[in-house]
Amino acid sequence: MALTKDRPGGSPRSGRPRFPAGNRTPSAPRALPRWPRVATPWLFLAPVLVLFGVFKFWPTLWGMYLSFFEVRPYLGNRWVGWDNFSTAFHDAALRSAVEHTVVDALVTVAASALLGFGLALLLEGPARHLRILRTAAFLPVVTAMVAVAELWNTILYPGGYGTLNSLLGHLGLGPEPFLSSPHSSLASVMLIQVWKSAPYDMVIFVAGLAGIDRQLYEAAAIDGAGAWHRLRHVTLPSLRPVTTIVLTLGIIRGLRVFTEIYVLTGGGPAGSTETIVTYTYKQGIQNNQLGMASAVSTVLFLVTVLLTCLTLWWRRRKEA
Amino acid sequence: MSSMSAPTTALGLRMPTKAWTRTAVRVVLYAAVLFVFVMPLWTMVATVFSGTTLKTGQMSLFPGHFTLANIRTAFRFGVGRGLLNSVIVTGVGLFLQVTVSAFAAYALARKKFRGQAVVLLAILATMMMPEEVIAIPLYLVLGKVPDPLGGSDLLDSYSGLILPVVGWALPIYVLTGFMKTIPAELEEAARVDGARDLRIFFQIILPLCRPALGTCAVFGFLMIWDQYLLPLLVASTPHMYTMTLVVTSLSSSQEQGEGVRMAASLMLMIPSVLVYLGLQRLFERGMLNGSLKG
């Protein structure tokens, strides 16, 4: 705060003349010699650049490099060209993992956006009770994924004793095997993901809804538009930018789904919930197929980059 | 925002006060929301403190008799160590993350230099290389980098759990955006007084960034506290397990009932929920900045 006090008069200690406010240029007061001026920004950036270099860029580039080798600890890596890629993509397990990942990403993103939109319509508003309800509904989002997975493992316990199954029993339904049958496991996993991400989308939609000019509604109402027409012609068009962002970011995130799958089912039963990352983890860390795992990771990385660039390009074009 | 007090909903429905049926429908829907999103979390609490298990019967929503047995058992199976490790990793990691991000943001927001665009692009690029996508080579890299705390490599060490989460693009973006809004006159005045960059950074820019730093702290906390894949790659002895690993290791050893697993999960969950409830405003603002403006 000493600064604000000194500001009108400059530092009393320094005998240098004050600069008139108008012609101060960044270099005018005490120009440093050239090299410290050039070096300063890089010194401030150095820690981050080193960390990114070691833990992001090096692994990414090394992964790309390794994907062309058979990785043999102690024996030296052997160049195999595109073999890792072709082995991986002829592996039926990987193909079904890719399928599960894509289905999982599309369905959970769409479902949680839809549910989040519904929640936002229901819980949007300044009233105190709505705020409390929104806060309560948001708790799944901040709960650690591992805790969520353990919780749902317990709730979905197969057989009549499981929480959800005993509830279903009261309604005369079930018991469902949920996670323990290959037929229902992927759907169960997706249900849990939607439970965790729908309130997140809700908050984004609430912000989007709050930004809509209420006069549009008034105008529509005067024109005699019913609730459905107002939703279709006022609300949805106004929310379009928000929606596209929610959807595209969600799909990019969905491609690297790991924790929930690994904790809930470990990819099973019978590979029915295997995703790309659980597959590479198993191939790389457990089966020691580091070259092949790197090849799959490389492709996943390139797809992520491509999708992200498309999103950025699309958003920029919209804004321009 | 113009007509906050007008009785219109998001859909533009007018809500006449006499239409009590509409109110009733709303209340039912509110109840459904609470049932779906809060009840599961409540069953967790109830299971931990009621001591009922699947084997003895249905889980109850209201603890018949209150017990701490599950918590005590959980501590016997490594929860204490897990909490300690998580607190160390999150505390040190968050401190370093915010510090180095603020340094980088200062250079990006307040300086013009050759190569700035390249640095920004590189930071953006790291958003596309999350651990999940580079897990395998990251694991190999961790086995090659010497531990600054003295070990031969980063595997099974605190450095390995901490350092990879320190560099994160999100706080750099948040802080860069915020620092750009600080008027240049403040900095120039200090420069006239003879202050150099470090002094300007610590005494002027950083104190003014307090709201943005708060947002970064909330996000950083949740991100580091919830880490699972990185500890899974790094920690090979239970000694180095973080809370997330302790929870999953409890579930793979079957002899503990779900009461004990829920107790560990609850202790994993409570800190993030408390952070969120305490700093909700900061959190929501940051979330919207992050997701809408990228």
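The values are calculated or read from the model by the stated rules, or taken from the named source; none is laboratory data. Since the structure is predicted, the reported quantities are computational estimates derived from the model, not experimental observations. Glycine gets a Cβ as well: all are built from the backbone with ideal geometry, and neighbour counts include every protein chain shown. What goes into the accessible areas is simple: the full protein's heavy atoms, side chains included, and nothing from ligands, DNA or RNA. Shrake-Rupley method; radii C 1.70, N 1.55, O 1.52, S 1.80 Å.
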How many residues, within region A:156-179, are in contact with a Pro (Cβ under 8 Å, 6 or more places away or on another chain) and under 18 Å from A:Thr259 (Cα atoms)? 1
Can you pull out every residue in region A:209-222 that is open to solvent by less than 60 Å² (accessible area, probe 1.4 Å) and at the interface with chain B (Cβ under 8 Å from one of its Cβ atoms)? A:Leu209, A:Ala210, A:Ile212, A:Arg214, A:Tyr217, A:Ala220, A:Ala221
Can you pull out the residues in region A:158-172 that are part of a loop (DSSP other than H, G, I, E, B) and modelled with pLDDT under 80? A:Pro158, A:Gly159, A:Gly160, A:Tyr161, A:Gly162, A:Gly172
Would you point out the residue of region A:255-293, among those that are assigned to a loop (DSSP other than H, G, I, E, B) and in contact with a Gly (Cβ under 9 Å, 6 or more places away or on another chain), that is nearest to the other protein chains (Cβ to nearest Cβ)? A:Thr275
Test result for A:Val242, under 28 Å from B:Val247 (Cα atoms) and under 23 Å from the mean Cα position of the chain (by Cα): no
Take B:Leu161 and decide whether it is open to solvent by less than 10 Å² (accessible area, probe 1.4 Å), of a type in the set (A, V, I, L, M), more than 18 Å from B:Ala102 (Cβ to Cβ) and under 20 Å from the mean Cα position of the chain (by Cα). yes
Across region A:282-320, which residue is surrounded by the most Cβ atoms within 10 Å (Cβ to Cβ) among those that are in contact (Cβ under 8 Å) with a residue 60 or more places away in the chain and β-branched (Val, Ile, Thr)? A:Val296
Just to be sure before I move on: is A:Pro182 in a loop (DSSP other than H, G, I, E, B), touching a residue at least 60 places away in the same chain (Cβ under 8 Å) and more than 20 Å from the chain's Cα centre (by Cα) in the structure I sent? yes
Of the residues in region A:228-254, those that are of a type in the set (A, V, I, L, M, F, W, C) and either surrounded by 15 or more Cβ atoms within 10 Å (Cβ to Cβ) or outside any helix (DSSP H, G or I) (or both) come to A:Leu231, A:Val234, A:Leu239, A:Val242, A:Ile245, A:Val246, A:Leu247, A:Leu249, A:Ile251, A:Ile252
With respect to B:Val45, is the statement that it is at pLDDT 85 or above, more than 25 Å from A:Thr135 (Cβ to Cβ) and either open to solvent by 30 Å² or more (accessible area, probe 1.4 Å) or within 11 Å of another protein chain (Cβ to nearest Cβ) (or both) true? no
With B:Ala19, B:Ala69 as the choices, which residue is of a type in the set (A, V, I, L, M), at pLDDT below 90 and open to solvent by less than 40 Å² (accessible area, probe 1.4 Å)? B:Ala19
Would you check which residues across region B:85-113 are facing chain A (nearest Cβ under 8 Å) and farther than 30 Å from B:Leu245 by Cα and list them? B:Phe103, B:Ala104, B:Tyr106, B:Ala107, B:Leu108, B:Lys111, B:Phe113
Somewhere in region A:255-273, is a residue modelled with pLDDT under 90, acidic (Asp, Glu) and surrounded by 14 or more Cβ atoms within 10 Å (Cβ to Cβ)? no
Filter region B:171-197 for residues that are out of contact with any helix residue (DSSP H, G or I) (no Cβ under 6 Å at 6 or more places or on another chain) and more than 9 Å from chain A (Cβ to nearest Cβ); which is least open to solvent (accessible area, probe 1.4 Å)? B:Gly177
Please go through (1) in contact with a Gly (Cβ under 7 Å, 6 or more places away or on another chain); (2) assigned to a helix (DSSP H, G or I) for A:Val194 and return the number of the only condition it doesn't satisfy. (1)
Condition check for B:Val166: over 22 Å from A:Pro47 (Cβ atoms), crowded, with 19+ Cβ neighbours inside 10 Å and of a type outside the set (Lys, Arg): no
Given (1) modelled with pLDDT under 75; (2) touching a helix residue (DSSP H, G or I) at 6+ places or on another chain (Cβ under 9 Å), index of the condition A:Pro17 fails: (2)
Here, helices (runs of 4 or more DSSP H) confined to region B:88-173 with at least 3 residues that are free of Cβ contacts under 8 Å to residues at least 60 places away in the same chain are B:116-126, B:131-142
